Amino acid sequence: MIEFLEVYVKYGSQWFPRMADAALVSASLAFAGFIVAFAIGLMLSIFQRSPLRLLRFVATIYVVVFRGIPLLAILFLLYFGLPGIGVTMSAFTASAVGLGLSFGAQMAEVFRAGLEAIHRGQREAAIAVGMTPLQAFRFVTLPQAVRIISPSMLVTFIVLLKDSSLCALITVNELMLEGRALATEYFLPLNIFVAIGVFYFLIAWPLSLLARTMDARIRAKQTRTL
Amino acid sequence: MLDKIQHILIALLGGISVTISVTLGALIIAVLLGLLLGVVRSFTKWKLLRFTIDVYVELFRNIPALAILFIIYFGLGSVGLRLGSVTAAILGLGLIGGAVLCDVFRAGFSALHSGQREAAIAIGMTPYQTIRLILAPQAIRIALPPLGNYAIQLLKDTSIASAIAAPEIMFFARTLVTSTFETTLIYICAAGIYLLLSLPLFRAIQSIEKRFGVGR
């Protein structure tokens, strides 16, 4: 155990800057992926409530398909598969798109739960005071829904951040790939992968605590207003 | 074209048995461990035990599966604790699942009205009988839908085991790519197989949700 920790004292100053740089790549990858997922999720949730059958059908199929396919398959398809039919993307772009496509389906479910929680009287009242359906959605339903679902959005972000580690397998130079590079350089895989795990933990855990606090606060508010 | 697809599908099917056994193996570990941790965390009076379980859950829920598999397979392997890649995948995914399901079962127990427990104690049941006969069956029923979602997630996550060379579907796909170069088609076929495997799970969850009337 002491030996195990001594390794960190010895190599920590060499490892830490490289891991910290790679952690920044992981974080920006997660942000980029989340923005795509947010846009797709919002679009799908609007499709799900559309009066047009075709749009509802598209949204349903999208969610079923992308909830059933592993992220890794999507990433490989985008990065290694698409060049075969003439579409080439950088590893980072492919990762952001892949994370976005995959988590877009989850975000759609998150949005749906939030929108369903808003009483339909809200929308009816907005329309009664002369708003168009789009305005009612944009200014009345959506802002309230976003507040209710903010903890679940944060949880989705955390899962996305953890899953961004898979992008190492399509050569994005993020935390996990840096760990593999260090492991082959120093031959200390246990120390290095534990350090990488700690890095992810130190980013994800505070966010998990924040999500829990937000959730508790929103629940407390709801019981008070009831 | 159809020829090629057939050829690819047959090659990929070689990985299905490992995908399914990793899924089932990890699921069994996850359910048993999650139920044990969930029950202990909900009912024990020892602070230290509760704290230990909390630490376990937070660790395994906030570290990526890939990092945990690398720690178990490459990390422990380097200090003499060498596991096969399939065993390492089952163990790693099972340990993560234990943490996930601990929270799921805990939520199930905390959703029960306190009157259930009081009534059981009042008619003379021991605390152990109360948990086993009264509380656990109801809590497990509440936990079924999230348990089903977890199972689907787990099925997909077994693809990560290809990174430690467990010979499952994704691993076969990656190997096949290097020998045939039909990259696009191979990954589409692999994605299709996962989708087909997950569809019956979706169905099962939907019927469970209907049958047990979730939301009560």
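All C-alpha pair distances within the range A:104-226, sorted into 10 Å bins from zero, spread as 12, 29, 24, 17, 12, 5, 1 percent across the bins.
At q = 0.11, 0.12, 0.13, 0.14 Å⁻¹ the log10 of I(q)/I(0) for the protein assembly as shown amounts to -0.96, -1.13, -1.30, -1.47, computed by Debye summation with a single uniform scatterer per C-alpha, solvent ignored.
Would you work out the relative contact order for chain A, in percent, from Cα pairs under 8 angstrom that are 6 or more residues apart? The value is 26 percent.
Among B:61, B:132, B:141, determine the one that fluctuates most according to a GNM of chain B built with springs between C-alpha atoms less than 10 Å apart. Result: B:132 has the largest fluctuation of those listed. The range B:1-103 has equivalent-ellipsoid semi-axes of 34, 17, 11 Å, by the square roots of 5 times the alpha carbon gyration tensor eigenvalues, sorted largest first. Starting from the Cα gyration tensor of chain B, take the square roots of the eigenvalues, sort them a ≥ b ≥ c, and report rounded, prolate or oblate (rounded when a/c is under 1.5, otherwise prolate if a/b is larger than b/c, else oblate). Because a/c hits 1.5 or more and a/b fails to exceed b/c, chain B counts as oblate. Taking a ≥ b ≥ c as the square roots of the eigenvalues of the Cα gyration tensor, an a/c ratio of 1.5 or more together with a/b no larger than b/c marks the range A:2-225 as oblate.
Using +1 at the Cβ of each Lys and Arg and -1 at the Cβ of each Asp and Glu in the range A:2-225, identify which of A:151, A:28, A:195 lies farthest towards the dipole's positive end. Projecting each Cα onto the dipole axis, the largest value belongs to A:151.
Sorting B:4, A:10 on solvent-accessible area from highest to lowest, probe radius 1.4 Å, gives A:10, B:4. Buried accessible surface for the B/A chain pair comes to about 3000 Å², total over both chains, computed with a 1.4 Å probe. Of interest is the spacing of the C-alpha centroids, which for the range A:15-39 and the range B:65-93 amounts to 25 Å. For the range B:18-166, which whole-number percentage of the solvent-accessible area (1.4 Å probe, protein heavy atoms only) is attributable to carbon and sulfur atoms? For the range B:18-166, the apolar C and S fraction of the accessible surface comes to 69 percent. Over the range B:99-216, Cα pairs under 8 Å with separation of 6+ residues give a relative contact order of 26 percent.
Remark: mean inter-chain Cβ contacts per residue of A:188-199 equal 6, using a 10 Å Cβ-Cβ cutoff to other protein chain atoms.
Spatial offset of the range A:55-103 relative to the range B:3-40 amounts to 22 Å, using the alpha carbon center of each. Using 0.36 nm per residue and subtracting the Cα-Cα separation, the extra length available between residue B:16 and residue B:165 on full extension is 52.2 nm. Our summary gives chain B a relative contact order of 31 percent, counting only alpha carbon pairs under 8 angstrom and 6 or more residues apart. Computed in the context of the full set of protein chains, the accessible area of the range A:2-225 at 1.4 Å probe radius has 68% of its extent on carbon or sulfur. What the protein assembly as shown shows is 51 Å² of accessible area per residue, with the surface traced by a 1.4 Å probe over protein heavy atoms. Please list the helices of chain A that count as membrane-span-like by this rule: a mean Kyte-Doolittle hydropathy of at least 0.0 together with Cα atoms stretching 18 Å or more along the helix axis, each helix being a complete DSSP H run. Length and hydropathy pass: A:2-48, A:53-68, A:91-117, A:142-163, A:189-225.
The values are calculated or read from the model by the stated rules, or taken from the named source; none is laboratory data. Worth saying up front: this structure is predicted, and the values here are computed from it rather than measured. With ideal geometry, Cβ positions are generated from the backbone for all residues, glycine too; neighbour counts draw on all protein chains shown. In case anyone asks, the SASA skips ligands and DNA or RNA and just uses the protein heavy atoms, side chains included. Shrake-Rupley method; radii C 1.70, N 1.55, O 1.52, S 1.80 Å.
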